[in-house]
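Asker: One structure follows; several queries about it will come next.
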Amino acid sequence: PPSCLRPQVRPCLAHAVSVWACDVRVESVEGEPVWCVSVSVRVCCVTGGSAGASGGESRSPDKCSQKVVSIRIDRRKTLSDLKKLLEQHVGVASTQFKVYRVYTQSQEYEMTRLGDSLQTLPSDTKLVVKLGRALKQGEFRIKIFLLDIRSVDYSKHLLDTIVAKGMTVQQFKEQIVSEIEEDPSLDYHLSVDKLRLRKKTWRSAGTIYLDSQVFEKDIHVFANFEMYLEPLKGGEKMLAATSIQVYVRRWRPSTHTVDLTDEVVVTESTPDHLRKKISEISDVPQERVDIAKVSGPA
């Protein structure tokens, strides 16, 4: 591999571009079927800066080189064997890079089952290798989006993080806030007790997860799982799974305008109970509250 990928040269290694494209196809070597993995590696080396610099220091690559590496491996070998072979070309231990399988429409699925045989991969499989800690058993990678219901651009990708089986929602929120505080590129000041996590389906906000719920017991995680992190004005009002959270906006006919989005949490699925809750957050008597359902992104 290029010198800048050798493990002992830390300044270049730490700032190598983290994407490799792999084409997998069946070949025959001496009558035995094997996988031929052609790995296209784009390497960017950074000049200047010290090897021990913190992650917050900004650098830009000023020299790039590209190299194609062909690896042959018996199809009966495992993903673990393939990652071991890739180590010398990626330049880091197999635990420090991830292998993704690319499906149609460019969807990427992280391959985490190290014991799986390569025979499960069909011909012409596309793989992508990225720098970053590989998942351990019982861990899942989740995309976190910031949900700002008062903004036109209400859904923004925040970060990718890892949740472990058995972790509670409260613990996961604390982990997310800690990661945001450590990332200088994320200029958000969030308080754990004024945040909620909820399921993200396409761009819609779904189920609200309670702090006491446990991943893989109460919350089942799957590939490409996404969640919303929603800042709250005050503390969490959603305290029971049987309650219902409703976004509301006050319509002012005299000016043909609506107020900013607010929310109420109801414990009864009746219009009268909803009117009562709306009355509590406004100056409108309950008997004068009219309700109309409108379409909206959240």
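The values are calculated or read from the model by the stated rules, or taken from the named source; none is laboratory data. All values derive from a computational prediction rather than experimental measurement. Here the Cβ is made from the backbone with ideal geometry for all residues, glycine too, and neighbour counts use every protein chain on show. Note: accessible area is taken over every heavy atom of the protein model, side chains too, but ligands, DNA and RNA are not part of it. Shrake-Rupley method; radii C 1.70, N 1.55, O 1.52, S 1.80 Å.
Asker: Across the range 102-124, which residue is nearest to the chain's Cα centre (by Cα) among those that are at pLDDT 85 or above and either more than 22 Å from Glu226 (Cβ to Cβ) or open to solvent by less than 80 Å² (accessible area, probe 1.4 Å) (or both)?
Answerer: Glu110
Asker: Pick from the range 230-251 the residues that are hydrophobic (A, V, I, L, M, F, W, C) and open to solvent by 100 Å² or more (accessible area, probe 1.4 Å): which of them is nearest to the chain's Cα centre (by Cα)?
Answerer: Restricting to residues being hydrophobic (A, V, I, L, M, F, W, C) and open to solvent by 100 Å² or more (accessible area, probe 1.4 Å), the top hit is Leu239.
Asker: With (1) open to solvent by 80 Å² or more (accessible area, probe 1.4 Å); (2) on the phi < 0 side of the Ramachandran plot; (3) in a loop (DSSP other than H, G, I, E, B); (4) not aromatic (Phe, Trp, Tyr) as the list, and Gln171 as the residue in question, which single condition is left unmet?
Answerer: (3)
Asker: So, of the residues in the range 205-225 that are within 16 Å of the chain's Cα centre (by Cα) and among the small types (Gly, Ala, Ser), which turns out to be farthest from Arg141 (Cα to Cα)?
Answerer: The extreme case among them is Ala205.
Asker: Filter the range 179-203 down to residues that are among the hydrophobic types (A, V, I, L, M, F, W, C) and surrounded by 15 or more Cβ atoms within 10 Å (Cβ to Cβ) and give me whichever is nearest to Glu226 (Cα to Cα).
Answerer: Selected residue: Leu197.
Asker: Sticking with this structure for a sec: Which residue is farthest from Glu139 (Cα to Cα), if the candidates are limited to the range 76-98 and must be touching a Leu at 6+ places or on another chain (Cβ under 6 Å) and surrounded by 17 or more Cβ atoms within 10 Å (Cβ to Cβ)?
Answerer: Ranking the candidates gives Gly91 first.
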